[in-house]
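Quick notes on the structure that follows.
None of the figures in this text is laboratory data; all of them are computed from the coordinates on show. Computed from a predicted structure; not experimentally measured. So basically every Cβ, Gly included, is an ideal-geometry build from the backbone, and we count neighbours across all protein chains shown.
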């Protein structure tokens with residue numbers, strides 16, 4: 001160990017989704033690692049951002065002006081809660097940085113196009129290959145060198161860095177397991193991740209494949225947060241699993257949630273007179289939800305109160321906004337670590353929870369939900385190829401009436417017999433059986449009659465001064481703080497029975513849930 005340097009040896013366990021598309025070999029960036037480590041040091045090594053006096057001497061630059069501002073806030077506000085909120089807001093705006101430098105030596109050996117894996121949608125709508133995010137992978141050791149002349153700070157970093165890596169991923173979609181790195185056992189300041197995450201449960205699969213890892217995470221998280229609802233067949237056979245978050249919340253409070261509320265307010269389902277809240281916000285802020293075409297015959301069969309008029313014949317996007325919240329990080333992070341055990345490839349996906357993220361939500365204002373019709377267009381391009389395009393209409397801020405008229409005309413042209421027949425004639429020549437059937441299904445399911453359904457939807461919208469606004473409703477977040485560890489424990493034992501099956505390439509694979517008790 002150098003007097004002024006720490007060198008950490010990092011091993012990559014899952015792909016980093018990289019934004020530096022044109023830089024071959026780009027990997028973990030110091031510009032991402034350092035701000036994250038700074039924040040982690042403040043929270044974990046110094047007890048939080050309000051404890052400014054405990055870490056001010058380790059910061060870059062003159063801190064006198066910050067101290068003076070904090071004293072001024074103290075003088076101007078007698079209420080301690082108000083003082084702390086104002087000081088916290090002010091300190092976060094200062095982008096506090098510790099007095100050390102980071103250098104990362106090493107590069108990715110692969111910059112691959114992102115294959116179709118669950119939990120990543122970042123390239124949707126991006127058609128230029130140069131602009132698409134890529135998977136960055138390396139099987140080499142990355143050397144992260146941290147240089148500081150402050151001996152006390154160096155010791156703090158040595159103590160905290162293994163904990164930081166055990167609970168942090170990098171790049172895009174990091175909460176869902178992308179960009180997982182951890183110390184190689186030859187590194188300075190090494191501590192095993194098992195000892196750091198003692199008591200943290202993990203998902204175990206007998207595979208190192210990224211497709212397996214993300215399929216397992218996707219099933220686990222979907223069943224926890226939103227539920228599993230695969231399409232019904234004619235006999236009402238499906239895999240339907242209610243959101244465990246909803247079941248847990250409903251059991252504790254006897255209240256309902258936003259999925260039922262959306263159907264009542266936007267799709268004509270009857271009101272069951274139960275108070276409802278936006279509970280999925282507790283596990284992260286999703287700014288939009290998709291509602292697919294369904295007449296839900298099996299729900300009608302089981303619930304005699306559902307009227308015949310309740311049916312969703314098109315796809316809709318429900319967009320969510322809040323005046324003070326743009327993004328809210330999920331309090332659950334999946335940390336995949338690939339190991340060898342008895343000669344076998346094993347992946348442990350640690351389920352790291354951050355209770356303080358839920359406790360920090362203080363939402364006095366409701367969320368606004370907007371219903372947008374997804375207009376679907378199918379057409380032949382200049383090379384006589386069948387193409388599809390989707391447009392969510394209207395934008396929540398408004399859309400010009402002329403755009404509405406243009407879409408109606410396009411849908412009218414699309415439904416003309418000659419146009420449909422010409423497209424069908426091209427489709428039936430497609431050799432790929434699955435693609436051919438899917439395109440024909442699209443014509444039969446949403447092209448015919450879409451114009452009339454779109455016009456009916458427009459009756460729900462508001463038109464003012466040549467602008468069109470989507471229908472909207474407001475709903476509050478719950479004022480109940482759930483215990484994350486209790487939620488996860490009950491999910492594992494009562495819902496999953498400590499194991500589950502996930503699907504990949506039409507086959508099912510088993511995943512086990514274990515407790516990391518050393």
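Relative to the longest principal Cα axis of the chain, at what angle does helix 433-442 sit, 0 to 90 degrees, rounded to 10?
Compared with the principal axis, the helix lies near 70 degrees.
Roughly speaking, what is the centre-to-centre gap between the stretch 490-518 and the stretch 274-344 when only Cα atoms are used, to the nearest Å?
20
Take every Cα-Cα distance within the stretch 412-518, group them into 10 Å bins from 0 onward, and report for each bin the whole-number percent of pairs it holds.
Values per bin, smallest distances first: 10, 18, 16, 20, 24, 11, 1, 0.
Compactness ratio of the chain: Cα Rg over 2.2 N^0.38 Å, N = residue count?
Working it through for the chain, the quotient is 1.11.
Using the alpha-carbon atoms, what tilt in degrees (0 to 90, nearest 10) does helix 80-93 show relative to the longest principal axis of the chain?
Taking Cα atoms only, the helix is inclined about 90 degrees.
Take every Cα pair under 8 Å in the stretch 163-214 that's 6+ residues apart, average their separations, divide by the length, and report that relative contact order as a whole percent.
The normalised contact order for the stretch 163-214 reaches 27 percent.
If we sort 364-373, 58-67, 160-169, 188-197 on the protection proxy, mean other Cβ atoms within 10 Å, highest first, what's the order?
Listed from highest to lowest mean packing, they are 160-169, 364-373, 188-197, 58-67.
Please tell me the relative contact order of the stretch 243-294 in percent, rounded to the nearest whole number, where contacts are Cα pairs under 8 Å and at least six residues apart.
35
For the stretch 316-439, what does the convex hull of the Cα positions come to per residue, in cubic angstrom?
Measuring per residue, one finds 201 Å³ for the Cα hull of the stretch 316-439.
Ranking request for peptides 209-216, 315-322: highest mean number of other beta-carbon atoms within 10 Å first, then the rest in descending order.
My ranking of the peptides, most packed first, is 209-216, 315-322.
Normalising by the residue count of the stretch 295-444, find the relative contact order in percent from Cα pairs under 8 Å and 6+ residues apart.
In percent, rounded to a whole number, it is 18.
With each run of n ≥ 4 DSSP H residues scored as -39500 (n - 2.57), what mean residue ellipticity at 222 nm is computed for the chain after dividing by its residue count and rounding to the nearest 500 deg cm²/dmol?
Helix contribution divided over all residues of the chain: -9000 deg cm²/dmol.
Compute the acute angle (0 to 90°) between the alpha-carbon long axis of helix 210-225 and the principal axis of greatest extent of the alpha-carbon atoms of the chain; round to the nearest 10°.
That helix lies at roughly 80 degrees to the long axis.
Using the Cα atoms as the points, what is the convex hull volume per residue of the stretch 16-109 in Å³?
128
Would you work out if the stretch 332-397 is rounded, prolate or oblate? Take a ≥ b ≥ c from the square roots of the eigenvalues of the alpha-carbon gyration tensor; rounded if a/c is under 1.5, else prolate when a/b is larger than b/c, oblate otherwise.
Oblate.
Using only the alpha carbons of the stretch 368-474, what is the convex hull's orientation-averaged projected area in square nanometres?
If you wrap the Cα atoms of the stretch 368-474 in a convex hull and average its projections, you get 7.8 nm².
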